Amino acid sequence: MFDLPQHAIITGEKLGVRFVEARTDDLSIREIKTEMEEVKDVKTMRRIGVGVNVYYKGATGYSFATRLSKKAVEEATKRAFRIAKASSKIAKIKIDPGQAKPYRQRALKLTVKKHPQDSSIALKKDVVLRTVKAARDHGKNVSSITCRYGEFFGQKCFTNSEGTEISWSPLIVDLRVHVVSKLGDLLADGGDGIAGSFGLELFETNKYSPEKIGENAGKWAAEKLGAKPAPPGKNRALCENRLVGVLAHESFGHLTESDFVISGMSPLAGKLGQQLGSKHATIIDEGTPDVSQYRGFWLPFDDQGIETAKTTILDKGKLVGYLHDRNTATHMNSGFTGNGRAVNYNFPPIVRMKNTYFSPGDLSLEEAMEQLDTGIYAIRTAGGQANMDGTFMFKALRGYYVERGEVKYPLREVTLTGSILNFLKNIEGATRELFIWSSYFGGCGKGEQWPLPVGLGGPHLLVREVQFGGEK
Amino acid sequence: MTVDLDRISDELSSLADLGVKKAKVKGAEESEVFISNIDTLSISIKTNVVEARQGISLGLGIRVVLNGKVGFAATSGIEEKKIDRTIQEAIDVARIRPLDPKFTHLADPISIPSRDGIIDNKVLEFSETDALEEVNTLSKTAFEYDKRVKALFGGVGVQKGVFAVANSRGIADFSMGAFMGGGVYLTAIDKGKQKTGSESIDSRKLADFHEVGSKAAQRAIRMLESKPLGKSFRTTVVWENVAISPLLKGMLNAASSARNVQEGKSFFKGKLGQRVASDVFTVVDDGQLPEGLLTFKTDSEGIPSQTTTLLEEGALKNYIYDSYSALQENRRSTGNAGRGWPEPFLSTPNVLTSNLVLKSGKKDLDGLISGVGEGVLVTDFIMGAGHANVITGEFSVVAPNAFMIENGEVKRPLEPLTIAGNFFHSLKNIEQVGSDSRITSIGKIPSLIIKDLTVSG
């Protein structure tokens, strides 16, 4: 697997290029999708390609080959060189990858008991159908159950002009189910699932068994049939782990990506050292959290061959760091953080997050509910979006109205809007547990590069003055 | 230059044919081979940092039928040994699949005249040097427009694609297309306030980007005076064409898909012939619009692309079909089998709209605004359209670029505004459709007015 990327380096050097990065991505994907008990889709795909990133006079050119031959790699390298050369004429900010120590580590992988590549697709189908059965058994007025299983694994090999040689094996398993209940004209949905770098043995635990996941989704959809709209306007809120993870990643994390900082697009440019949030707001971006304990995505190296760091970006409310690829770290005179990542061989590495999460605090969940008193308990996310000015819109998958610390009734269409900087200031407390969510279906998107596996999470956060949308 | 595309389509077509033959030898009762070759040139700029990328994404996806069960597998590359391996994987998948009683067979050929969209030689010849020049102009014009423009992301790109599809029931066809696009997203900063603006062009013909930078800048600058709405109320919303596009696409795609109708996941289920929208609302799914970005000779199953009326003067006329959903109802596919982009070979076909074309009205955007006593205007893009509930129609989106309308005039710009409602219920509240239809990545869309939505901010 190293032959072809090494050939790219040699070809580049012959062209007079000082620095070349090249990699082989060999990634396999398997997917099962069911509607009710019917297996609708089973997919299996494998993508192998060689990507070449050429640095020339302050510009980069990227190309790739899907035909795995020395000739194809040579052509890709020449193409990359040609566009880098043309770009260097208009690039006002010169790109410099700096210098890194050469790493040599081969065949790194996470140890799991039951790697999905070793078990049959029939077994995975069984996991899906058990989930569907549990969802049906515990649902009410069920009109549809969609269940999806996905896995992602393979090998990534990286080499560069400095002599770095890294190969490692990414892994993600994802099981999720979505239930729609229908009563007359009223539709309500619920969902549950688990995803991250783990083996199939996780489905043998009580907490993440297909039975439990299905039961939750069925129950929560049924419950929403009787839900009321969330009261629009400002409310106190208790935000659950995955929801705060989305905020940490989408709304804050992206603003700390240093390409956004250098370009001036991020409102956090020039704010290093400033107090942005309350003392309960600490945000970390890490490559290899203890996934056996917290879940998340295991990422030892980035796509520039840099070992991933545990990077604190917000420390007790204070902005202390940005996320870097080699080029931005060199430009900003900062240390490498291992955030240069590419979604697949079609794309060059750019600044991306790893596992981004709020640090836990010291409250128990009961104490947090008590402190919430009256407000909205918002759980998980059915998606969201953030604008570069820090404004966001996130939809919670579930929500409850809470009065005097007690859950009163379920809510539907719980949409949180606001500005992340206000949100950080308004954090009043955090619970002590940590959970990191990752995913195979979905993942992070930046520009055209989607879906990149990342992790996001945190504890429960208690926040005042959260703006909720909803129909009046 | 179309010679290149012709040469590629010949190569892909013969490989697709070869694949079908090989699948038969390996014991498949039926098979379908889809191969795509998409050449992308993309030059982007992030405030003076340039990134350039060019390459060809090439691969194939194979469906086989074994004992009535369907298996799918895909691979990048098109080497013969990969074709062999992928056929085997598809067969392995088919073996373990339960029988889908609704599946009868793969698509049969249909004979309807159809053609590819416009292919402009100037787009085919557009080089990296041309793209760099345009990107440079985009960036320069934006920064020169106003000194408060501080940061900018922009880019220009060209995609040239060919796909071929063949199956064992006699389908053997290919389609090709080439289009270019470019745009800019920028921020303007004044007195600590940061606002964004965007503008883009997508076109099958050589596009002129020299006004794109200044238009985006103008959109951001005018937001610098924004004030919070300071309340939550129900009112009339005037949607600029680009702002409503993503919501229209997501909702109409989901509700019109015959698969969703059959699975009970469409709001339009059981409503054929009924009035579901106001009478100004006529929508056609036009797979043959020459200038449409989603126009191809055939869909991704090799069925000729067609023109299907979805809604006519508010009445629901048709759903859209791929061959699977069409066979459930013993009817013909409408040529709406789509696959993901820009690596379509990776996915099985699903029911997707082609170019959504809304029948335009008489007034341009200013004309629409002039008839509104009180309401809000939403321009640029909105956030959260992708997260709307396409089954129920409920949505809540945020508009970073919104304005108050009073007595038919655009008054003050507003701080980000949340707009919530139910899209399908709102179809009956579409008061007017504009004359300013514009080619976007979803079709050809005018601005429109929807009354009685909840806005807050």
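Worth pointing out:
- Scanning the stretch B:369-391 for residues that are over 21 Å from the mean Cα position of the chain (by Cα) and of a type in the set (Ser, Thr, Tyr) yields a count of 1.
- Apart from one condition, B:Lys231 fits all of (1) surrounded by 24 or more Cβ atoms within 10 Å (Cβ to Cβ); (2) in contact with a Ser or Thr (Cβ under 8 Å, 6 or more places away or on another chain); (3) within 30 Å of B:Asn429 (Cβ to Cβ); the exception is (1).
- Within the stretch A:308-340, considering residues that are assigned to a strand (DSSP E or B) and out of contact with any strand residue (DSSP E or B) (no Cβ under 6 Å at 6 or more places or on another chain), the one nearest to the other protein chains (Cβ to nearest Cβ): A:Gly340
- Looking only at the stretch A:46-62, and only at residues there that are closer than 23 Å to B:Ala73 by Cα and within 7 Å of chain B (Cβ to nearest Cβ), the one that is least open to solvent (accessible area, probe 1.4 Å): A:Gly49
- Residue match in the stretch A:426-444 (condition: open to solvent by 30 Å² or more (accessible area, probe 1.4 Å), more than 10 Å from chain B (Cβ to nearest Cβ), touching a residue at least 12 places away in the same chain (Cβ under 8 Å) and within 24 Å of B:Thr454 (Cβ to Cβ)): no
- For A:Ser167, the test of being part of a strand (DSSP E or B) and away from chain B (no Cβ under 14 Å) is passed.
- In the stretch A:225-257, the residues that are charged (D, E, K, R) and at pLDDT 95 or above: A:Arg236, A:Glu240, A:Arg242, A:Glu257
- Where a residue in the stretch A:63-79 is at the interface with chain B (Cβ under 7 Å from one of its Cβ atoms) and its partner, wherever it lies, is among the basic types (Lys, Arg) and open to solvent by less than 90 Å² (accessible area, probe 1.4 Å), with Cβ under 6 Å and at least six apart: A:Ser63/A:Arg79
- Looking across A:Asp174, A:Asp189, one residue alone is charged (D, E, K, R), within 14 Å of chain B (Cβ to nearest Cβ) and outside any helix (DSSP H, G or I). It is A:Asp189.
- Residue satisfying all of: in the stretch A:445-472; part of a loop (DSSP other than H, G, I, E, B) and within 14 Å of another protein chain (Cβ to nearest Cβ); surrounded by the most Cβ atoms within 10 Å (Cβ to Cβ) among these: A:Gly469
- Filter pass, B:Phe163 being buried (at least 18 other Cβ atoms within 10 Å of the Cβ), assigned to a strand (DSSP E or B) and not basic (Lys, Arg): yes
- Residue within the stretch B:407-425 that is at pLDDT 95 or above, more than 30 Å from B:Ala315 (Cβ to Cβ) and open to solvent by less than 10 Å² (accessible area, probe 1.4 Å) present: yes
- Every test in (1) touching a strand residue (DSSP E or B) at 6+ places or on another chain (Cβ under 6 Å); (2) facing chain B (nearest Cβ under 7 Å); (3) free of Cβ contacts under 8 Å to residues at least 40 places away in the same chain is passed by A:Glu38 save one, and that test is (1).
- Residue count, the stretch A:345-378 (criterion: within 15 Å of the chain's Cα centre (by Cα) and either part of a loop (DSSP other than H, G, I, E, B) or small (Gly, Ala, Ser) (or both)): 3
- Among the numbered conditions (1) away from chain A (no Cβ under 11 Å); (2) more than 25 Å from the chain's Cα centre (by Cα); (3) part of a loop (DSSP other than H, G, I, E, B); (4) surrounded by 16 or more Cβ atoms within 10 Å (Cβ to Cβ), the only one that B:Ile83 does not meet is (3).
- Number of residues in the stretch A:382-425 that are charged (D, E, K, R), assigned to a loop (DSSP other than H, G, I, E, B) and either in contact with a His (Cβ under 8 Å, 6 or more places away or on another chain) or at the interface with chain B (Cβ under 8 Å from one of its Cβ atoms) (or both) equals 2.
- For the stretch B:50-68, the candidate set comprises residues that are small (Gly, Ala, Ser) and more than 27 Å from A:Ile350 (Cα to Cα); within that set, the residue that is most open to solvent (accessible area, probe 1.4 Å) is B:Gly68.
- Output for the stretch B:187-228, where each listed residue is hydrophobic (A, V, I, L, M, F, W, C), in a loop (DSSP other than H, G, I, E, B) and open to solvent by 30 Å² or more (accessible area, probe 1.4 Å): B:Leu206
- Near pairs, Cβ below 9 angstrom, 6+ apart or cross-chain, from the stretch B:95-107 (within 8 Å of chain A (Cβ to nearest Cβ)) to any residue that is part of a loop (DSSP other than H, G, I, E, B) and open to solvent by less than 80 Å² (accessible area, probe 1.4 Å): B:Ile96/A:Ser120; B:Asp100/B:Gly68
- Residue within the stretch B:129-140 that is more than 7 Å from chain A (Cβ to nearest Cβ), among the basic types (Lys, Arg) and touching a residue at least 12 places away in the same chain (Cβ under 8 Å) present: yes
- Looking across the stretch B:396-429 at every residue that is facing chain A (nearest Cβ under 9 Å) and in contact (Cβ under 8 Å) with a residue 40 or more places away in the chain, the one that is nearest to B:Lys227 (Cα to Cα) is identified as B:Glu415.
- Check on A:Lys271, over 30 Å from A:Lys109 (Cβ atoms), in a loop (DSSP other than H, G, I, E, B) and either at pLDDT 95 or above or β-branched (Val, Ile, Thr) (or both): yes
- Residue that is under 30 Å from B:Glu128 (Cα atoms), part of a strand (DSSP E or B) and at the interface with chain A (Cβ under 10 Å from one of its Cβ atoms), where the choices are B:Ser57, B:Ser36: B:Ser57
- Checking B:Val351 against (1) surrounded by fewer than 22 Cβ atoms within 10 Å (Cβ to Cβ); (2) farther than 23 Å from B:Thr235 by Cα; (3) modelled with pLDDT of 95 or more, the condition it does not meet: (1)
- Annotation note: Cβ proximity below 8 Å between a residue of the stretch A:112-136 that is over 18 Å from A:Glu211 (Cβ atoms) and more than 14 Å from chain B (Cβ to nearest Cβ) and a residue that is crowded, with 18+ Cβ neighbours inside 10 Å and of a type in the set (D, E, K, R) (sequence gap 6+ or interchain) occurs for A:Pro116/A:Arg30; A:Pro116/A:Lys124; A:Pro116/A:Glu151.
- Within the stretch B:354-368, the set of residues being surrounded by fewer than 20 Cβ atoms within 10 Å (Cβ to Cβ) and more than 24 Å from the chain's Cα centre (by Cα) comprises B:Lys362, B:Lys363, B:Asp366, B:Gly367.
- Test for B:Gly71: is it part of a strand (DSSP E or B), farther than 30 Å from B:Gly213 by Cα and open to solvent by less than 10 Å² (accessible area, probe 1.4 Å): yes
- Total residues in the stretch B:148-166, condition within 13 Å of chain A (Cβ to nearest Cβ) and charged (D, E, K, R): 2
The values are calculated or read from the model by the stated rules, or taken from the named source; none is laboratory data. Every value quoted in this text rests on a predicted model; they were computed, and no experiment measured them. In this analysis, Cβ positions are derived from the backbone assuming ideal geometry, glycine residues included, and neighbour counts consider all displayed protein chains. SASA here: full protein model, heavy atoms, side chains in, ligands and nucleic acids out. Shrake-Rupley method; radii C 1.70, N 1.55, O 1.52, S 1.80 Å.
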